[in-house]
Amino acid sequence: MEKLMTLNNGEDVFFRSVGTDKENSIAKEDYDYCYGLAKRTVMQDVVSLAGEWPEEQQHEFFSSDFYENDNYIVFINNKRAGCFSIHDDGQAIILKKGYIEPNYQGMGIWAVRLDIALDMAHESKKPLKAAILKSNVDMFEMSQRYGFVETEGFLMHGDASWVQMHIVTHQDTLQYSQQPDMFISPE
């Protein structure tokens, strides 16, 4: 997908699919950018929750589905402003990893991402879901302002008790839900 849209401040934003061939230099550059942005934006939270940033585990977690999902780079004025993933797992459209450069936060990129995902959900008649870290109160509250409701409690990921998630579904897509999911990947 390559898409040009307008933010709430009138600036044009462009979304480009990341390279999917691991051997391709553009794909490597995209991965390095997205991983670096993720590290810059969430490292402090991970360290406060887990006590450390285990670099190898974080690379493994981040790369586990990077080339298999629908990942996008966000550009504003030809500068990278963020990256995100919207994934169709067959049962639902899933908002996955999403990171915005600090100087571009609050410009409406999240709302544009949501519009794209809602269009995908309605076209495929699948619920739009997300997993939000339970400790990320700001993101959980923002998801509620944008129409998400908690449809499941939290989930534990492996043995790490610090990874507790809210599972939320957008209220406009609840009619597409067939049954509660047993597990939604928090990635």
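Every read-out reported here was derived from the displayed coordinates using simple, explicitly stated rules and does not represent laboratory data. Given the structure is predicted, the values throughout are model-derived calculations rather than measurements. Methodologically, a virtual Cβ is constructed for each residue, glycine included, from the backbone with ideal geometry; neighbour enumeration extends over all protein chains shown.
Under the 0.36 nm per residue contour assumption, what length would be gained going from the current alpha-carbon distance of Trp53 and Asp115 to full extension? Present the calculation step by step, with values, prior to reporting the outcome.
On the way: separation 62, 0.36 × 62 = 22.32 nm, distance 3.27 nm.
Residue separation times 0.36 nm, minus the Cα-Cα distance, leaves 19.1 nm.
Ranked highest first by the average count of other Cβ atoms within 10 Å around their residues, in what order do 90-100, 71-81 fall? Intermediate results must be reported in sequence, preceding the final value.
Values: 90-100: 20.2, 71-81: 17.3.
Per-residue Cβ counts within 10 Å, averaged per peptide and sorted highest first, yield 90-100, 71-81.
Which whole-Hz couplings ³J(HN,Hα) result when phi for each residue of the range 45-59 is put into the Karplus expression 6.51 cos²θ - 1.76 cosθ + 1.60, θ = phi - 60°, listed in order with x for Gly and Pro?
5, 4, 5, 5, 7, 9, x, 6, 10, x, 3, 5, 5, 5, 4
Applying a 10 Å radius around every beta-carbon, put 109-122, 46-59, 137-150 in order of their mean neighbour count, most first.
Answer by packing, highest mean first, reads 109-122, 137-150, 46-59.
If you take the charge dipole of the range 2-176 about its Cα centre, with +1 on Lys and Arg Cβ and -1 on Asp and Glu Cβ, which of Gly147, Asn8, Gln44 is farthest toward its positive end?
About the Cα centre, the residue reaching furthest to the positive side is Asn8.
Taking the Cα atoms of the range 20-140 alone, what are Rg (to one decimal) and Dmax (as a whole number) in Å?
14.7, 42
Beyond 25 Å between alpha-carbons counts as too far, so tell me which of Lys97/Lys134; Lys28/Lys125; Lys28/Lys134; Lys79/Lys126; Lys79/Lys125; Lys79/Lys134 fall in that bin.
From the list (Lys97/Lys134; Lys28/Lys125; Lys28/Lys134; Lys79/Lys126; Lys79/Lys125; Lys79/Lys134), the Cα-Cα distance tops 25 Å for Lys28/Lys125; Lys28/Lys134; Lys79/Lys126; Lys79/Lys125; Lys79/Lys134.
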